[in-house]
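Working notes, structure below.
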Amino acid sequence: MIKESDWKRFSQLKKTALERYCERALADCRATMEQEDRSNHERFLDLYQHVRECDKRLAFLFDGHARSKALDQFRCLRREGLIEDAELEGFTTEFVEQTRPRGP
């Protein structure tokens, strides 16, 4: 179980991370729509596929706001680059270490 102070900070930063995620997804959508070398139909299909993939990723990263999931969720948010290093200030050292992204 995480400490109350970490839970409160996590809850705030999760909202910020969601906004960042959506901003990136929308930027990718704009780039897809502006591909003038592709037909309207091709761009539409690409956009549709991209939105579906983004929606699945969004659900994986953000659904289920619970203390029991906070460590894993925050680790994933950090791995995705949705949490900046400066934003780790204010968390306990234990929380920061436990949410350090693992592997490649």
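Might you check whether a residue that is charged (D, E, K, R) and over 13 Å from the mean Cα position of the chain (by Cα) occurs anywhere in region 70-80?
no
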Original post:
Can you tell me which residue in region 1-52 is farthest from Glu84 (Cα to Cα), limited to those that are part of a helix (DSSP H, G or I) and among the β-branched types (Val, Ile, Thr)?
Top reply: Thr32
Original post:
Among the numbered criteria (1) touching a residue at least 24 places away in the same chain (Cβ under 8 Å); (2) assigned to a helix (DSSP H, G or I), which single criterion is violated by Ala59?
Top reply: (1)
Original post:
For region 23-41, does any single residue satisfy the condition of being under 16 Å from Cys76 (Cβ atoms), modelled with pLDDT of 95 or more and not hydrophobic (A, V, I, L, M, F, W, C)?
Top reply: yes
**OP:** For Leu82, state whether it is assigned to a helix (DSSP H, G or I) and either touching a strand residue (DSSP E or B) at 6+ places or on another chain (Cβ under 9 Å) or at pLDDT 95 or above (or both).
**Re:** no
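The values are calculated or read from the model by the stated rules, or taken from the named source; none is laboratory data. This one's a predicted model, so the numbers in the text were calculated from it and none came from an experiment. Glycine also receives a Cβ, built like all others from the backbone with ideal geometry; neighbour counts cover every protein chain displayed.
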